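What follows is a short report on a single structure.
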Amino acid sequence: MSAIRLLVLGAVRQHGRAHGYQVRNDLEYWGAHEWSNAKPGSIYHALKQMAKQGLLLAHETAPSAVGGPPRVEYELTEAGTEEFLRLLRDSLTAHDRGTDVLSAAVGFIVELQRAEAVALLKERVRGLEAWRAGVTDFYVPEEGPEPLGHIGEIMNMWVHSADAGAEWTRGLIERIERGAYTFAGEAGERFVGVLADGEENPYATGERHPGDDR
């Protein structure tokens, strides 16, 4: 699974309604164009495809300031909300996905209730531990990789990745259980990770795309 669907659905959800350039601006603001496949072409394609799939509702608004056809603003349908939450939960628990998927999920973790977020992260730890145990059926970390030749370096990398992933996840669980961040359904000020329409993005690439005006 790529991160683009989760990123785009989540960005639209945080605005309520957003046009393509707002979504692109937000994802660049988060640096997602550096650690995921959230490039301009992928973002606009994902918006159009998910509108066709009934996950987003497209609204034509007034013509753009630079002329041309009306802008299109998108909002999540009920099916889109369900898909967003499904992707979010799956991405938090799955230990065998890329860091782009995990990064996207952590970016939206506060859209869940605190107890559910903790439960999903604990499931992730169990998956990492099971994966590590499977590797050590064939590889003994204490003996090092040399007895298996250079192929042992692969298993050594897997064990270290599992250990690092589990350690990081336990740290996040601990911080959340201590009360860090404001989750869904909780009182208090929530971190705002989106830019207002027209707000300057300090991390923008400065590149234009044919879909920017829409």
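The values are calculated or read from the model by the stated rules, or taken from the named source; none is laboratory data. Note that this is a predicted model, so its numbers are computed, not measured. Neighbour counts run over all protein chains shown; Cβ positions are idealised from the backbone, glycine included.
Structural remarks
- Applying the set (1) over 20 Å from the mean Cα position of the chain (by Cα); (2) surrounded by 13 or more Cβ atoms within 10 Å (Cβ to Cβ); (3) at pLDDT below 85 to Gly193 leaves exactly one unmet item: (1).
- With respect to being without any contact (Cβ under 8 Å) to a residue 40 or more places away in the chain, closer than 18 Å to Val23 by Cα, among the acidic types (Asp, Glu) and surrounded by fewer than 17 Cβ atoms within 10 Å (Cβ to Cβ), Glu60 fits the description.
- Note on the range 109-142: residues that are outside any helix (DSSP H, G or I) and under 26 Å from Arg178 (Cβ atoms) total 2.
- Considered as a group, the residues in the range 29-45 that are in a helix (DSSP H, G or I) and buried (at least 23 other Cβ atoms within 10 Å of the Cβ) include one that is nearest to the chain's Cα centre (by Cα), and that residue is Ala32.
- Hits in the range 143-187 (condition: on the phi > 0 side of the Ramachandran plot and part of a loop (DSSP other than H, G, I, E, B)): Gly144, Gly179, Tyr181, Gly185
- Among all positions in the range 95-107, there is at least one residue which is free of Cβ contacts under 8 Å to residues at least 24 places away in the same chain, part of a helix (DSSP H, G or I), crowded, with 18+ Cβ neighbours inside 10 Å and not hydroxyl-bearing (Ser, Thr, Tyr).
- Selected residue (only one of Gly198, Gly188 is closer than 30 Å to Arg17 by Cα, at pLDDT below 90, touching a Ser or Thr at 6+ places or on another chain (Cβ under 9 Å) and not hydrophobic (A, V, I, L, M, F, W, C)): Gly188
- Residue check, Leu120 surrounded by 15 or more Cβ atoms within 10 Å (Cβ to Cβ), under 26 Å from Trp30 (Cα atoms) and at pLDDT 95 or above: yes
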